[in-house]
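Worksheet: the structure to be examined is printed underneath.
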Amino acid sequence: MKRRSFFAILLLAALPMLVAWAISPNPNRPSTRPLIPLANRSTDQRVFLDRADILTKNPNDSFMMLIGNVVFTKGGMIMKCDSCHYYSETESMNAFGNVSMEQGDTLFVYADELDYDGIAEIATLYANPGRKVELINRDVKLETDIFVYDMAIELGYYEVGGKLTDPNNTLTSLKGEYAPNTKEANFYIDVHLNSRDSKDTLDIYTDTLLYNTNTKIARLYSPSKVINDRGTIFTSLGIYDTDSSATTLFDRSTIVTKQGQTLTADTIFYDRLAGFGEAFGNMILTDSAHNAEIRGQFGFYDEINDSSFVTGNAQLREYSQGDTLYLHGKYIQSFRRIDSTLIDADTILGTPETIRLDTTHVAVVYPRVRFFRSDMQGICDSMRFEQKDTMLHMLINPVVWSENRQIFGNIIDLKLNDSTIERAILPDWGFSAEHIEGPHYNQISGKKMTAYFKNGEMRQLDIDGNVEIIMYPEENDSTINKIVNAESSFLQALFKGRTTEKIKMWPESKGTVTPLFISKKSQYLLPKFKWFDGVRPDSPESIFTVPQEMEDMMSENGRKPPYIKIKPKSRLHQMF
């Protein structure tokens, strides 16, 4: 059956009134009170005139006029107005004064004027100057000057600026769409979402935003800026749950914290209320305050426990000294540690026994650690930094190179001052070697070794216990012609640049000085001498390549460093 148009039904409904007017003995009667016939109103395809105080038809007009308490219905939709024009030829109508559209007890639209196209089933609503067209859908309110509502698909839109408000947020834009059935709202051009919560500082600025008033989820599809109390997000593609403050960002988005940290990655997930975030794909975390950045394929941050975890070509870059340090390990993680100290009671002052809690931050890199800087390179199986005492601990066969010098031992502890080495301690045996030429190396070995640095150069070396040395003193013309082999219990050496100014050994020493031309090869190397040039990083890229020789070194005796592992909440890190 062919669907009847809105105005064809209206004409049928008004037919008895027209007949009454036509047979009236008074041909000058200007209007009549319409009689509304009974009909089946259960179908959405039919439009009914339910009431009007007066129906008037002027022979010279192309429309009939309905005046006073006019009511139309179409399915569950009710339209009311003070007066309306009906155009039979175009099947259109204009409604004036106190216009309203109601659907059940959930959807209400209020305006001052309405134009309705019965063929297209499109209603355009207008507001008088100083007023707004209002759409109210439960706890959602939309306001604009001109609102178009497509009744066929139940979608409304505006193009002259509008505002949508729900219990959580206020959204404004130049253009917008809203579907009451699905609760989906689309906003375009100069879009601004602002939280209505006085405790929340959320602001979103963009040109394309899709928002669901039921879920409170905003979807961003154009260059956008999201501002909250923790910092600012820059993204071109993202999902922001304004209810839970959970964010998923794509397409190389960036987060900038108020502390000066910047995080960029292919995909970022951050739950502000739960206090943790994850980054996937070419992650770069920059800390401008400390002149450092961390890179990797996966990163995790637990804000509540103040811990982080990075893996997948994990890399730390530090550039505070003008030259960049590149450091790599399979995992880079940091965490907060709380130490307790028992303070004895003071019987004189009456102070009770108490426990003092000290908080410090610890960073760990493991395993197969390699680092490169133009003036210094090194390897070890794990590295641990204690913020409290600014100590960097290198564990399991650590080796450090600087130019033609090499230091290695069981453990190397570095005391740092503003990212520069202040002191190096090898507490459990150490060996220092300097290549002179050919098979000749200056060598020092001892039970405990402490080196002091100034402006990046070693100025003093102290050795306690089991001192062994092989030295090639330079002549005035910078040539070498003799070899010194000596042993003692203690040693102190002073340096200036590459020159050894003074060596002191005590309480007694024994050794030999042999002209080089009569020396034997057995005198050239100490028993524990090793030269690890084959595992030395020689470029920033080489830190990611672990030679087999280094694998063998780090697996020696099956020793394992004291790792402190952080288990991220996400399982996605396992792919790396």
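Every read-out reported here was derived from the displayed coordinates using simple, explicitly stated rules and does not represent laboratory data. Just so it is clear, the structure is predicted and the values come from calculations on it, not from any experiment. Counting neighbours? That spans all protein chains shown, and the Cβs are built from the backbone with ideal geometry, glycine included.
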Quiz item: After finding the eigenvalues of the alpha carbon gyration tensor for segment 136-284, what semi-axes result from the square roots of 5 times each, listed largest first in whole Å?
Solution: 29, 15, 13
Quiz item: Based on the alpha-carbon gyration tensor of segment 360-494, what equivalent-ellipsoid semi-axes (square roots of 5 times the eigenvalues) come out, in whole Å, largest first?
Solution: 28, 16, 14
Quiz item: So how far apart, in nm, are the two label points at residue 416 and residue 181 if each is 7 Å from Cα heading toward Cβ?
Solution: 6.1 nm
Exercise. Note the per residue figure in Å³ for the convex hull of the C-alpha positions in segment 62-186.
Key: 107 Å³
Quiz item: Within segment 124-172, which trypsin sites (Lys or Arg not before Pro) sit in a loop by DSSP and count at most 15 neighbouring Cβ atoms inside 10 Å?
Solution: 131, 138
Practice problem: Please identify every one of the chymotrypsin sites (Phe, Trp or Tyr not before Pro) in segment 481-532 that sits in a loop by DSSP and has no more than 15 other beta carbons within 10 Å of its own beta carbon. | Solution: 529, 531
Quiz item: Over segment 258-345, what per residue volume does the convex hull of the Cα atoms give, in whole Å³?
Solution: 149 Å³
Quiz item: Using a simple spin-label model with points 7 Å from Cα along the Cα→Cβ vector, what separation in nm is obtained for residue 305 and residue 436?
Solution: 5.4 nm
Quiz item: Using a Förster distance of 51 Å, how high is the FRET efficiency between residue 69 and residue 239, based on the Cβ-Cβ distance and rounded to 0.05?
Solution: 0.60
Practice problem: Evaluate the distance, in nm, between pseudo-label points positioned 7 Å from the Cα of residue 552 and of residue 219 along their respective Cα→Cβ axes. | Solution: 5.8 nm
Quiz prompt | Cα convex hull of segment 141-190, projected area averaged across orientations, nm² | solution = 3.3 nm²
Exercise. Identify all lysines with a Cα-Cα distance to residue 175 below 21 Å; exclude those on the same chain that are fewer than 8 residues away in sequence.
Key: 132, 141, 163, 183, 216, 225
Quiz item: Once the Cβ-Cβ distance between residue 254 and residue 519 is put in as r, and R0 is 60 Å, what FRET efficiency do you end up with, to the nearest 0.05?
Solution: 0.45
